[in-house]
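Worksheet: one structure, shown below.
Every number in this text was worked out from the coordinates using simple rules, so none of it is lab data. The model shown is predicted, which means the values in this text are computed figures rather than measured ones. Neighbour counts are summed over all protein chains in view; Cβ atoms, including those assigned to glycine, are modelled from backbone coordinates with ideal geometry.
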Amino acid sequence: MKKKRWNEYLWIWPIIYFTLGFFNILFAWLGMIDFLLPLIIAIVGGNKAFCNSYCGRGQLLAKIGSKSGCSRNKLAPKWLSSKWFRYGFLAFFLTMFANMVFQTYLVAAGANSLREVIKLFWTIRVPWGWTYTAGTVSNWVAQFSFGFYSLMLTSLLLGLIVMALYRPKTWCTFCPMGTMTQGICKIKANNK
Ligand code: SF4
């Protein structure tokens, strides 16, 4: 049997990440690795090596969807992978990210107080206060953690929903990181 390479076990990473954030929200900052690494690889290498070989989330969706039978394995509607939807979703996602950074700024400036909740699907507030002891770090550091974890968990849940409805890696067809890295690779290839 072919020996597995270390990066084939990266599906464990999202499980560790969300578990850590369940006990201590400050671990949410580790999600910046998933945010920055694909961009750095695309900018420096001009390729999608992150998606192809190092994305734990992609691996996890593939694993749950194909091994557990949780996916209907149906072809997703074409509009999900259309240009307007992918770029529209990316614009929406980046707007929500910018809003989260702005909320962090308001807390840093003292205009807002720290909210120890996570927001699912940008609307549903879920109390998450047990994961943070007031005063451990600056309020803005904690606020960013709550906001970023919300974003990460929401996108995972969206990924799981489309995994169940369609094929295991349907999320990848409109994943904001995938869209951004693809765009960067295209620009780099055109400028060669
Ligand atoms: S498209 Fe997104 S979820 Fe899929 S492999 Fe790439 S970064 Fe990971």
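Counting only residues that are buried (at least 17 other Cβ atoms within 10 Å of the Cβ), out of contact with any strand residue (DSSP E or B) (no Cβ under 8 Å at 6 or more places or on another chain) and either farther than 17 Å from VAL101 by Cβ or among the acidic types (Asp, Glu) (or both), segment 112-143 holds 2 of them. Exactly one residue out of THR154, THR179, THR173 is within 19 Å of MET96 (Cβ to Cβ) and within 13 Å of the ligand (Cβ to nearest atom), and it is THR179. I'd like the residue in segment 65-76 that is within 16 Å of the ligand (Cβ to nearest atom) and outside any loop (DSSP other than H, G, I, E, B) and, out of all such residues, is surrounded by the most Cβ atoms within 10 Å (Cβ to Cβ). The residue in question is GLY65. Screening ALA134 against (1) more than 28 Å from PHE89 (Cβ to Cβ); (2) without any contact (Cβ under 8 Å) to a residue 12 or more places away in the chain leaves a single unmet condition, (2). Of the residues in segment 51-64, at least one is under 30 Å from THR136 (Cα atoms) and either in a helix (DSSP H, G or I) or within 16 Å of the ligand (Cβ to nearest atom) (or both).
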